[in-house]
Every structure is written in structure tokens, then in C-alpha cells.
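Reviewing the structure listed below.
What follows draws every value from the coordinates through simple rules; no lab data is involved. Here the structure is a predicted model, which is why all the values come from computation and not from measurement. Backbone-built Cβ (ideal geometry, glycine too); neighbour counts: all protein chains shown.
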Amino acid sequence: MQPLSGLLVIDFTTLLPGPLATLMLAEAGAEVIKIEQPGGENARRFPPMIDGESAAFVMLNRGKTSMALDLKNEADRTRLTELVKRADILVEQFRPGVMTRLGLGYEEMRALNQKLIYCSISGYGQSGPRVHEAGHDINYIGNTGLLDLQPGPRDHPVVPPMLAADIAGGSFPAVINILLALRARDQSGQGCHIDIAMTDAMFTFTWAALALGVAANRFPAPGEMWLVGGSPRYQIYPAKDRKLIACGAIEQKFWIAFTKAIALPTLFIDDSRDPKATRDAVAKLIAARTSEEWHPIFAAADCCTTVVTPLEEAMRDPHFVERGLFAHKVATASGKDFPALPVPISPEFREPAGVKKAPKLG
């Protein structure tokens, strides 16, 4: 028996934030029924394709079932109404107001089922001046000061490699608050409406900059903060073979071990004197050797410094293999399987590793 066994989730979501949230609920045992328009969700057609199916769609919808409904059709609306009456959780990801216009808003659904936990995921939330503003991840991190902290040069800015707002601002908060709502329902017997604004959580990631602003009454310039490029101790350095070395030697003991490992001249060890000079000196030393040469040196020094690993190599890392991160599989309709998307659900709360399919449109 899994923690969420016996719970029914109605999933109105598309693309990434909502589907990942309901995937985690499914992995913890919930029954997830994905409501799709006739012809299926657009993400079913997103490349890359594998056996005629979208690989991303298959990964994000592992273990769910699908129900194709035309919400303008009275018979289909009746089917949905009966589903809502026995559901525990409904997750939707439309722009604010759309579900209400469809007659599927929280008040309408609550009238059918007072125990329903109704979770809305949107860019800016269900209220406020930006409520109807279009946006994607890069806009959400851009409107909260987070993107402005990035250390890349202004003439060649760097686009972050992860969708922080979608996942850390949408998927994760949705799951956390749904679980809190389930606990609250245990106490009150009543459901609730959860308003998840993907942008809101981006301020959480500015914690260090906010602390500086409060303490020093001065907010940091781009790239100034220690953890976003302002320190030689927390930095990315190219090696001779152009592979990258990730240095995280923040604490003094790690910094001393690191500087000893690379034979940094004494003049530059006190990085508070001239951080840029120290960074340049470190960069010059790192660039003098290949990543293969540096790897055993840093491993022996145990100084929080590693060679940056490509994804395909990381998936073969014995550590992640032993921990079973890619032991679960997802299969296409034709039966071809590949590693399922790792999710932060403890193994004790999931079924044993095995193969599950994404839903056929139905």
C-alpha cells in the first residue's frame, strides 16, 4: 500500500508544471486521470518522437490514464461531473478564469464535492495586476529579480539550463500544498482551493540577495553574490581540454585544500583582498591541465571540486545507478521502454521498479 493509494486525481494540466506534479502523485500511488481535448493534448506531438510518440509526454505521464472529453458536449460534461463527485484532487493549469468560463471553476466543483482539493497552477496566480499576463519560465524569473543576478556578461547573457519557475515554482509547490491540503482535510473534512503562482516561489531563490538588501540596505549587482559568480571559491573554470571544472570550495578548510591542490601562489590565497585577481590566477592554473589530469587531484584533495559531467555520462555514474534513479522504466504504446523521469519521491513510497506506460488517448 502506497501513501496515496485510493486517491483519485483529475488532471487538466498540459506541458510541464502540472503533468510533473500529477506524475509525482501517481508515483506515490494516486490514480490520475488525465482529461484531454479530442485529438489529445498538444504535448503529445512535441518532438523528439520515439515510436511515433513524444518522448517528453511519455515520461511526464507515466502510469496515468486518459479520458478525451469535448466539454461542449453534454454527455461528456455529465461523465466529467460524475468523476468530480468521487475525486479527491483536481489540478488545472489554464489561465485564470478559463475554468470558470467552462463551468468548471472551484465554486462549481465544490458544489459537487465539498471534499475536493482544487489546485490551480498559473504564472502569476489567481489575483493581482499581472493575473492575465502571458509568460513562460524566463519571464517569471525575469520579473522577480532572479534572472538579473546571473553572472553572464551583459552582451552575452546566459539562459539558465533549468526551468526553475515551472518545476520549483509550479510542480513542487503544487505537490507540497496538495499534501498539506490532504492533511487539513483529515482534520476538517473540507477541501479547498490552492492558488499556485509559479512566479511567487522565485523570490525564494533570491534569499541571499534579499538578506544582503535587508542587512546592508544595498541590493547586489549582477554576478556580485558569492554563489552566482562573485567568488573565486564558487566558480566554473575551463580546463585545458575545454571541459569545465566546478569549484565549490566555500568553507575555509575546503579553500585551503583546493589552493594547495592547484599550487596557488600565497599572494592569491586570501581572496578577500582582490577576488578578481585570485579568480584569474586560479583560472590560469586550471587551464594548464586537462580535466583528466585534474580529476584524481581534486578527488584526493576532497575539496568540493569536480569535473562537470555530461548528462549521458551522469546517467551511467555507479552512484546514481546504485541508488536506482533510473531503475524505473516507461514504455511507449508499442512496448519500447526507456528510463523513467527521476522524481523526488522516496523509494519506500513508490512501487518496486518496473515498467509502466503513458496513457493512450481515450
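Within a 10 angstrom radius of the beta carbon, how do 294, 207, 226 rank from fewest other beta carbons to most?
Neighbour counts put them in this order, fewest first: 207, 226, 294.
Need one number: nm distance between label points at residue 86 and residue 321, each 7 Å from Cα along Cα→Cβ, rounded to one decimal.
For residue 86 paired with residue 321, the spin-label model returns 4.5 nm.
Each residue of the range 264-271 in turn: what ³J(HN,Hα) in whole Hz from Karplus with 6.51, -1.76, 1.60 and θ = phi - 60°, glycine and Pro shown as x?
Here the 3J(HN,Hα) series is 6, x, 3, 4, 9, 5, 7, 6 Hz.
Expressed as a whole number of Å, what is the distance separating the alpha-carbon centroids of the range 24-91 and the range 248-315?
A separation of 48 Å, based on Cα centres.
How do the peptides 209-218, 138-147 rank, highest first, by the average count of neighbouring beta carbon atoms within 10 Å per residue?
So the peptides 209-218, 138-147, ranked by packing, come out 138-147, 209-218.
Against the longest alpha carbon principal axis of the chain, how many degrees, from 0 to 90 and to the nearest 10, is the axis of helix 291-301 turned?
Between helix and principal axis, roughly 90 degrees.
Taking R0 as 30 Å, what FRET efficiency do you get between residue 217 and residue 274 from their Cβ-Cβ distance, rounded to the nearest 0.05?
It comes to 0.75.
Taking the chain as the reference, fit the longest principal axis to its C-alpha atoms, fit the long axis of helix 207-216 to the helix C-alpha atoms, and give the angle between the two in degrees, 0 to 90, nearest 10.
Between the helix axis and the principal axis of the chain, the angle is about 60 degrees.
Given the convex hull over the Cα atoms of the range 56-182, what projected area results after averaging over all orientations, in nm²?
Values: hull surface 41.1 nm².
Taking the Cα atoms of the range 56-182, their convex hull projects to 10.3 nm² on average.
Under unit Cβ charges (Lys, Arg +1; Asp, Glu -1), what dipole magnitude, rounded to 20 debye, does the range 226-312 have relative to its Cα centre?
180
Among [x] 77, 51, 41; [y] 175, 29, 28; [z] 50, 45, 43, which one is Cα extents along the principal axes in Å computed from these coordinates?
[x]
Taking the Cα centre as origin and putting +1 on Lys and Arg beta-carbons and -1 on Asp and Glu beta-carbons, what dipole magnitude results for the chain, to the nearest 20 debye?
Value, rounded to 20: 100 debye.
Of all beta bridges DSSP finds with both residues in the chain, what is the antiparallel percent, to the nearest 5?
If we restrict to bridges inside the chain, about 35 percent are antiparallel.
Report Rg(Cα)/(2.2 N^0.38 Å) for the range 65-136, keeping two decimals.
Relative to the 2.2 N^0.38 Å estimate, the range 65-136 comes out at 1.18.
How far apart, in nanometres, would the label points at residue 180 and residue 138 be if each is projected 7 angstrom from Cα along the Cα-to-Cβ direction?
Result: 3.2 nm between the two label points.
Calculated FRET efficiency, residue 250 and residue 1, Cβ-Cβ r, R0 45 Å, to nearest 0.05?
0.55
For the range 226-312, take every pair of Cα atoms, bin their distances at 5 Å starting from 0, and report each bin as a whole percent.
Histogramming the range 226-312 at 5 Å steps yields 3, 16, 29, 29, 16, 6, 1, 0, 0 percent.
To the nearest 10 degrees, how steeply does helix 172-188 sit against the main Cα axis of the chain, on a 0 to 90 scale?
So the helix axis and the longest Cα principal axis differ by about 50 degrees.
How far apart, in nm, are two points set 7 Å out from the Cα along the Cα-to-Cβ line at residue 68 and at residue 311?
2.9
Could you grab the relative contact order for the chain? Cα pairs under 8 Å, six or more apart, rounded to a whole percent.
After rounding, I find 19 percent.
Report relative contact order for the range 226-312 in percent, whole number only (criteria: Cα-Cα under 8 Å, sequence separation at least 6).
Relative contact order, the range 226-312: 39 percent.
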